[in-house]
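First comes the structure, then the notes that go with it.
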Amino acid sequence: MDWSRAKTILIIAFVILDLFLASQLNEMMQQKSQYVKANHITDQQINSLLKDAQVKLTASKPDNLSQINFYKATIHAMAGWQKDEQGGSVKNFPVPLSYQNDQDLERLLKEQIPFFHEYRRSAYDSVPNKKIVFLQTSRGHTIFDGRIEVNLAGSRKVESIRVVHYQLKNPSAVKLISFNTALFRLINSGETNKNTAITSAELGYRAKTYPTASDEFVLIPYWRFRVGNETLYVNAMNRGSNDDVEVVPSEKQIENKGKK
């Protein structure tokens, strides 16, 4: 038997097998990418991904929207209030304003802020006995960077108020990725830890600086997920990109780090 020839045949066979397996893997990856781009991520695929990543989805699954408005915006400067470096308006009270209950606090804020009705209270973003946060909304969707921050000086005493209010203009419809696609990108981002739970998922807006004007912003649709003790954002626009996952520390995390 010609062992040299047999060895050559085996090497060629292994090379052909490797090339075949590589082509199969490449085809699978392309199909996977096409599913993501086409928003064809099924519930079964999501459940399998969650199981493999050891992450639980306890949040209610929201309805899918095919599109949403995209806005340009400017920050409203409040007359008589101080402007901070981030463009927010701040009002300090040398003698803290007292309030009796939540209804009394809202009455106080309505007197100070004419557009207070556009905001809703956010327990997650607030810090007990330190800061109460309200987030701006537009057509039922939260603007995560539009905020009223009520800084407290003791129990039920308002020391200062900070307001970021976006004035929206030039609405334009943009296509959105599906909720399953957003989850797919989140899970495959490597930002989720094992044995954690996704406790909430909300579609809203994040403000990004407009490249041609320093005082203008664009409000971009994002999914905001709460995973364990972290807040993670996934770009919701249907652009075929898988890398738009951002981790942002919550107010509570910042507060806890400051105590260390």
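The values are calculated or read from the model by the stated rules, or taken from the named source; none is laboratory data. From a predicted model like this one, the values you see are computed outputs, not experimental measurements. All Cβ positions, even for glycine, are placed from backbone atoms using ideal geometry, and neighbour counts span all protein chains on display. Note: accessible area is taken over every heavy atom of the protein model, side chains too, but ligands, DNA and RNA are not part of it. Shrake-Rupley method; radii C 1.70, N 1.55, O 1.52, S 1.80 Å.
Odds and ends about this structure:
- Centre-to-centre separation between the Cα atoms of segment 63-108 and those of segment 137-186: 10 Å.
- Carbon/sulfur fraction of accessible area - segment 77-164, other protein chains in place, 1.4 Å, %: 46
- Annotation: extensible slack from ALA79 through TYR124 equals 13.2 nm (criterion: 0.36 nm per residue apart, minus Cα-Cα distance).
- Model label sites at PHE93 and HIS40, defined 7 Å from Cα along the beta-carbon direction, differ in position by 5.8 nm.
- Segment ASN101-LYS175, extension gain: residue separation times 0.36 nm, minus the distance between their alpha carbons: 22.4 nm
- Å² per residue, accessible surface of segment 77-164 at 1.4 Å: 54
- By accessible area with a 1.4 Å probe, ligands and nucleic acids excluded, highest first: order of SER122, SER155: SER155, SER122
- Rotationally averaged projected area of segment 77-164 (alpha carbon convex hull; nm²): 5.8
- The 1.4 Å probe gives accessible areas that order TRP81, TRP223, largest first, as TRP81, TRP223.
- Of the cross-linked pairs LYS56/LYS208; LYS72/LYS157; LYS61/LYS130; LYS169/LYS208; LYS51/LYS175, those separated by over 26 Å at the C-alpha level are LYS56/LYS208; LYS72/LYS157; LYS61/LYS130; LYS51/LYS175.
- Label point distance in nm, THR209-ASN195, each placed 7 Å from Cα along Cα→Cβ: 4.2
- Take 161-170, 58-67 and order them by the average number of nearby Cβ atoms within 10 Å per residue, most first; the result is 161-170, 58-67.
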